[in-house]
Amino acid sequence: MDGVTSTWTEPANTPLALLLLGQGTDPASERGVDCPGDLPAPSDPDLVARATAAKAALGDRVFVLGHHYQRDEVIQFADVTGDSFKLAREAAAKPDAEFIVFCGVHFMAESADILTSAAQQVILPDLAAGCSMADMAVLGQVETAWEQFTDLGIAGDVVPVTYMNSSADIKGFVGRNGGVVCTSSNAERALRWAYEQGQKVFFLPDQHLGRNTAVLEMGFDLDDCVLYDPHKPQGGLTAEQLRDAKMILWRGHCSVHGRFTIDSVREVRERVPGVNVLVHPECRHEVVRAADYVGSTEYIIKALDAAPAGSAWAVGTELNLVRRLALAHPDKQIMFLDRTVCYCSTMNRIDLPHLVWALEELVAGRVPNQITVDEDTAKYARVALDQMLALP
Ligand code: SF4
């Protein structure tokens with residue numbers, strides 16, 4: 001906007017700016033492995049030109065997806081940006097694109113592989129780009145919990161619901177057991193459907209989205225929810241607690257959104273009178289309760305688009321997105337809810353050198369870092385995804 005200077009203030013740096021996530025050597029988990037490629041140096045001055053040239057050489061054969069939380073240096077090459085579900089559907093709507101380069105994290109690339117045709121290959125530029133939340137629910141742990149529900153005689157009453165931010169294995173488990181996938185936009189509808197099928201919901205893997213939706217959207221009491229800790233015998237719960245609960249929440253959370261605290265909300269309200277606090281439902285319950293507005297990334301984007309000039313907004317979601325929104329709306333005072341930096345470290349592993357490497361490998365006729373989901377898992381994961389698409 002002419003003549004208007006952005007009011008954006010960069011949060012202070014912190015030793016935890018990039019949480020040490022996504023490390024490890026298990027290719028079957030969200031932790032992934034180190035990138036095997038011979039990457040260009042980050043200091044290479046030709047990175048932008050190389051990415052541009054490689055993308056042009058591939059033409060319509062490649063479709064680059066950029067998640068909202070990605071770095072700007074990567075987003076500039078995205079053919080489409082969005083949240084994980086929107087991106088997977090966009091990829092499926094481009095059947096002529098042989099190569100889907102997913103600039104996101106591992107579970108998102110899995111979802112794209114599930115929803116795209118067999119002729120399309122999904123590539124994650126850095127295999128170490130996992131998701132700490134998805135990693136908090138491992139199939140073996142979830143199956144153990146289900147066996148416990150069966151032994152207690154309650155499994156028949158329980159409907160599993162998993163957040164999109166889960167591995168294909170967990171989506172497959174949910175599809176096999178009559179459940180549904182949800183996103184942060186449709187969690188309430190998914191829960192209402194689930195409670196028509198059974199008396200209890202087993203919500204995976206994000207305790208905060210499950211609790212916030214149950215209490216704030218469905219009118220449950222906090223006491224209706226119990227927290228199942230997979231690292232404790234029987235989830236750390238008594239048989240009575242499991243029998244009485246309406247909502248069994250898996251003990252998982254997002255390491256990025258979990259960092260916002262009630263103090264962040266108090267502090268910004270004192271500092272900026274009249275500020276609107278807008279947060280993602282992956283934030284802790286007390287933070288969401290203290291906020292003025294809560295919603296998915298798409299909701300946050302629309303809310304800021306529609307906000308009047310001159311209004312002030314403190315936004316509790318990933319920093320790359322908040323900064324981009326602030327710079328796109330210089331007539332509004334948009335700030336990060338926390339005083340310190342808070343990126344999704346695993347998402348940030350996909351930088352320009354990794355993107356250049358992946359695109360140049362494709363030009364050379366090699367398919368790097370392909371993400372594939374086995375047929376059986378994909379079949380049942382699709383059942384749970386289709387159930388989500390069929391929600392009333
Ligand atoms: S922001 Fe949180 S839920 Fe999203 S990919 Fe990063 S760690 Fe996972």
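The values are calculated or read from the model by the stated rules, or taken from the named source; none is laboratory data. Computed from a predicted structure; not experimentally measured. Here Cβ is always computed from backbone atoms with ideal geometry, including for glycine, and neighbour counts include all displayed protein chains.
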Q: Just give me the residues in the range 46-78 being buried (at least 18 other Cβ atoms within 10 Å of the Cβ) and either assigned to a loop (DSSP other than H, G, I, E, B) or within 16 Å of the ligand (Cβ to nearest atom) (or both), in sequence order.
A: Leu65, Gly66, His67, His68, Tyr69, Gln70, Arg71, Val74, Ile75, Phe77, Ala78
Q: Check every one of the helices (runs of 4 or more DSSP H) wholly within the range 98-167 and list those with 1 or more residues that are hydroxyl-bearing (Ser, Thr, Tyr) and at pLDDT 95 or above.
A: 139-152
Q: Sort through Gly130, Gly153, Gly178, Gly172 and tell me the only one that's of a type in the set (Gly, Ala, Ser), closer than 22 Å to Leu237 by Cα and in contact with a helix residue (DSSP H, G or I) (Cβ under 9 Å, 6 or more places away or on another chain).
A: Gly153
Q: Determine whether the range 193-210 contains at least one residue that is of a type in the set (A, V, I, L, M), assigned to a loop (DSSP other than H, G, I, E, B) and at pLDDT 95 or above.
A: no
Q: Could you tell me which residue of the range 353-377 is farthest from the ligand (Cβ to nearest atom), considering only residues that are within 21 Å of the chain's Cα centre (by Cα) and buried (at least 19 other Cβ atoms within 10 Å of the Cβ)?
A: Thr377
Q. Taking Val226, is it closer than 22 Å to Gly210 by Cβ and not in a helix (DSSP H, G or I)?
A. yes
Q. For residues in the range 169-210 being of a type in the set (Val, Ile, Thr) and within 14 Å of the ligand (Cβ to nearest atom), which is nearest to Glu298 (Cα to Cα)?
A. Thr183
(Q) Tell me whether the range 243-259 contains one or more residues that are more than 24 Å from Trp8 (Cα to Cα), in a helix (DSSP H, G or I) and either modelled with pLDDT of 95 or more or more than 16 Å from the chain's Cα centre (by Cα) (or both). (A) yes
